[in-house]
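Chemist: I am attaching a structure below and will ask some questions about it afterwards.
The values are calculated or read from the model by the stated rules, or taken from the named source; none is laboratory data. Keep in mind it's a predicted model, so treat the numbers as computed, not measured. All Cβ positions, even for glycine, are placed from backbone atoms using ideal geometry, and neighbour counts span all protein chains on display.
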Amino acid sequence: MSERIITVFGGVSSENEISVITGAMACNVLAYGGEEVLPVYISQKGEFYAGEGLEDLSVYRENGFEKFPRAVIADGGAYIFGRRGKVKKFFAADCVVNCCHGGFGEGGGLSGICAAARLPLAGAGIFESSAFLDKYLTKTVLKGLGVKTVPYIYVRQGEEPPRELSFPAIVKPVSLGSSIGIAKVSDAEELENALLCAFEYDTAAIVEKYIGGRREINCAAYFADGEIHVSQCEEAFTNGDILSYEDKYDGGGSSRMPADIPKKISDKIRDITRKVYGKLNMRGIVRFDFLLSDEVYLSEINTVPGSMAYYLFAKDFKSFYPVLKSVVAQAECDFNNSRKTLLSTGILQNFTRKSFKMQK
């Protein structure tokens with residue numbers, strides 16, 4: 001039976017364009033499987049647009065998306081407006097798929113909108129979305145779970161970094177993804193310049209110890225049918241010292257799947273992935289990024305990974321459909337199980353309309 005699914009992408013984020021690519025992919029995968037899909041695009045100004053055709057990447061040249069009707073998500077679906085601002089159509093939805101990278105879309109805002117709208121969300125919940133968008137909070141949570149991370153310091157905009165900081169180091173804006181604003185620094189002057197750049201995009205940064213000779217290993221997981229499904233490990237390669245935006249999206253890097261690492265190490269990485277995902281009762285497809293040297297460090301957790309990390313679970317988009325469909329089905333199951341009794345005490349009956357009136 002066909003389902004009605006809202007796929008949301010874009011957002012008030014520096015990763016807006018990358019999110020459009022992920023959203024277009026998800027729309028087409030779901031439509032291929034016979035689902036009725038409503039694409040919803042959030043502009044960098046925070047405007048919601050909806051309509052068939054928003055999954056076409058050519059629409060985003062010269063802001064062509066602005067020709068589509070505005071929309072809001074509420075009441076179990078999406079209200080689509082006409083030119084005069086009146087509701088023209090209501091799309092009742094069975095589920096929402098979150099394809100937003102960065103900003104409030106990935107950081108818990110869309111999770112909250114869906115919760116308020118009483119809509120199942122095929123993705124991470126409010127807590128894990130907001131916590132893992134922030135690299136500082138990620139490290140704080142992982143420390144509580146006993147998971148090793150790279151040593152770091154946390155620097156807020158306007159603060160001076162500690163003078164005893166050792167070099168080389170890596171500077172990362174605290175809540176950005178796609179390697180935006182990341183830099184390797186070798187001395188205090190480079191650190192100052194890198195922090196100034198990071199604060200152009202964000203209000204805080206982390207400065208991590210640079211792990212020389214490290215390898216970048218990715219692993220992903222999702223929950224469906226009562227089981228945490230963990231992917232094989234992938235190794236991402238770079239031409240420089242760090243995995244850059246160009247490596248990820250402009251063809252500068254490459255990858256190997258499965259990663260050519262000892263089974264013992266692969267099993268350890270997959271066990272950590274399963275542990276963190278399970279301990280936090282996570283949902284949706286989540287990618288875990290590791291650094292491998294003489295130790296295994298969990299570097300970052302992506303609750304909305306690029307292209308939904310389909311390549312870690314399927315050989316192509318066609319074979320990814322059953323995975324995405326199972327994530328949607330799990331979201332609907334969780335939503336139905338979350339319907340609990342809401343307490344109403346009647347306490348307001350004891351108050352009058354003048355109870356808090358102030359005397360002039």
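Chemist: Does Ala205 meet the test of being of a type in the set (A, V, I, L, M), crowded, with 20+ Cβ neighbours inside 10 Å and within 25 Å of Phe288 (Cβ to Cβ)?
Modeler: yes
Chemist: How many residues are surrounded by 18 or more Cβ atoms within 10 Å (Cβ to Cβ) and farther than 22 Å from Gly212 by Cα when one looks only at segment 144-169?
Modeler: 1
Chemist: Something else now. Residues Lys325, Lys315: which one is over 15 Å from Arg215 (Cα atoms) and part of a helix (DSSP H, G or I)?
Modeler: Numbers: Lys315 fails: part of a helix (DSSP H, G or I).
Of Lys325, Lys315, the one residue that is over 15 Å from Arg215 (Cα atoms) and part of a helix (DSSP H, G or I) is Lys325.
Chemist: Against the conditions (1) without any contact (Cβ under 8 Å) to a residue 24 or more places away in the chain; (2) over 18 Å from Met257 (Cβ atoms), where does Ser319 fall short? Just the number, please.
Modeler: If we test Ser319 against (1) without any contact (Cβ under 8 Å) to a residue 24 or more places away in the chain; (2) over 18 Å from Met257 (Cβ atoms), just (2) comes out false.
Chemist: Looking only at segment 254-289, count every residue that is in a loop (DSSP other than H, G, I, E, B) and either within 19 Å of Leu324 (Cα to Cα) or hydrophobic (A, V, I, L, M, F, W, C) (or both) and tell me the total.
Modeler: 9
Chemist: Follow-up question, since we're still on this one. For Glu106, indicate whether it is under 21 Å from Glu15 (Cα atoms), acidic (Asp, Glu) and without any contact (Cβ under 8 Å) to a residue 60 or more places away in the chain.
Modeler: When the stated conditions are applied, Glu106 does not pass them.
Chemist: How many residues, within segment 1-50, are touching an Asp or Glu at 6+ places or on another chain (Cβ under 6 Å), hydrophobic (A, V, I, L, M, F, W, C) and within 20 Å of Phe104 (Cα to Cα)?
Modeler: Of the residues in segment 1-50, 1 are touching an Asp or Glu at 6+ places or on another chain (Cβ under 6 Å), hydrophobic (A, V, I, L, M, F, W, C) and within 20 Å of Phe104 (Cα to Cα).
Chemist: Can you confirm whether Arg156 is charged (D, E, K, R), at pLDDT 90 or above and out of contact with any Lys or Arg (no Cβ under 8 Å at 6 or more places or on another chain)?
Modeler: Numbers: charged (D, E, K, R): yes; at pLDDT 90 or above: yes; out of contact with any Lys or Arg (no Cβ under 8 Å at 6 or more places or on another chain): yes.
Taking the combined requirement at face value, the residue satisfies it.
Chemist: List pairs: first in segment 294-314 and among the small types (Gly, Ala, Ser), second in a loop (DSSP other than H, G, I, E, B) and at pLDDT 95 or above, Cβ under 6 Å, 6+ apart or cross-chain?
Modeler: Taking only residues 6 or more apart or on different chains, the pairs are Ala309/Ile285.
Chemist: I'd like the residue in segment 69-84 that is assigned to a strand (DSSP E or B) and free of Cβ contacts under 8 Å to residues at least 24 places away in the same chain and, out of all such residues, is surrounded by the most Cβ atoms within 10 Å (Cβ to Cβ). Spell out the reasoning first.
Modeler: Narrowing segment 69-84 to residues assigned to a strand (DSSP E or B): 70-74, 77-81.
Checking which are free of Cβ contacts under 8 Å to residues at least 24 places away in the same chain leaves us with 70, 79, 81.
Values: Arg70: 16, Tyr79: 18, Phe81: 16.
Of everything passing the filter in segment 69-84, Tyr79 is surrounded by the most Cβ atoms within 10 Å (Cβ to Cβ).
Chemist: Anything in segment 25-53 that is in contact (Cβ under 8 Å) with a residue 24 or more places away in the chain and either assigned to a loop (DSSP other than H, G, I, E, B) or more than 19 Å from Phe91 (Cα to Cα) (or both)? List them, or say none.
Modeler: Within segment 25-53, Met25, Val29, Tyr32, Gly33, Gly34, Glu35, Ser43, Gln44, Lys45, Gly46, Gly51 meet the criteria.
Chemist: Out of (1) more than 18 Å from Val327 (Cβ to Cβ); (2) among the polar types (S, T, N, Q); (3) surrounded by fewer than 19 Cβ atoms within 10 Å (Cβ to Cβ), the odd one out for Ser2 is which?
Modeler: Single failed check for Ser2: (1).
Chemist: Looking only at helices (runs of 4 or more DSSP H) that fall completely inside segment 85-181, which ones have 2 or more residues that are within 19 Å of Glu332 (Cα to Cα) and among the small types (Gly, Ala, Ser)? Give the derivation first.
Modeler: Details: elements: 103-106, 109-116, 126-133, 135-144.
Where helices (runs of 4 or more DSSP H) fall fully within segment 85-181 and carry at least 2 residues being within 19 Å of Glu332 (Cα to Cα) and among the small types (Gly, Ala, Ser), they are 109-116.
Chemist: Exactly one condition in (1) at pLDDT below 95; (2) in contact with a helix residue (DSSP H, G or I) (Cβ under 7 Å, 6 or more places away or on another chain); (3) surrounded by fewer than 18 Cβ atoms within 10 Å (Cβ to Cβ) is false for Lys172; which is it?
Modeler: Evaluating Lys172 over (1) at pLDDT below 95; (2) in contact with a helix residue (DSSP H, G or I) (Cβ under 7 Å, 6 or more places away or on another chain); (3) surrounded by fewer than 18 Cβ atoms within 10 Å (Cβ to Cβ) leaves (3) as the failure.
Chemist: What are the residues in segment 125-140 that are under 11 Å from Met282 (Cα atoms) and either among the charged types (D, E, K, R) or touching a Lys or Arg at 6+ places or on another chain (Cβ under 9 Å) (or both), if any?
Modeler: Of everything in segment 125-140, those that are under 11 Å from Met282 (Cα atoms) and either among the charged types (D, E, K, R) or touching a Lys or Arg at 6+ places or on another chain (Cβ under 9 Å) (or both) turn out to be Gly125, Glu128.
Chemist: I would also like to ask the following. Filter segment 153-208 down to the residues that are on the phi < 0 side of the Ramachandran plot, among the polar types (S, T, N, Q) and touching a residue at least 60 places away in the same chain (Cβ under 8 Å) and list them by number. Explain how you work it out, then say what you get.
Modeler: Initially, segment 153-208 is screened for residues on the phi < 0 side of the Ramachandran plot, giving 153-157, 159-177, 180, 182-208.
If we keep only those that are among the polar types (S, T, N, Q) as well, we get 157, 166, 175, 186, 193, 203.
Result: Ser175, single match.
Chemist: On to the next question. Six or more apart or on different chains, Cβ under 7 Å: which pairs go from a residue in segment 224-240 that's assigned by TED's automatic domain parsing to the domain that holds Leu291 to one that's of a type in the set (S, T, N, Q) and surrounded by fewer than 19 Cβ atoms within 10 Å (Cβ to Cβ)? Could you list them?
Modeler: From residues that are assigned by TED's automatic domain parsing to the domain that holds Leu291, the pairs are Ala224/Ser326; Asp225/Ser326; Cys233/Ser266; Glu234/Ser255; Glu235/Ser255; Ala236/Ser255; Phe237/Ser254; Phe237/Ser255.
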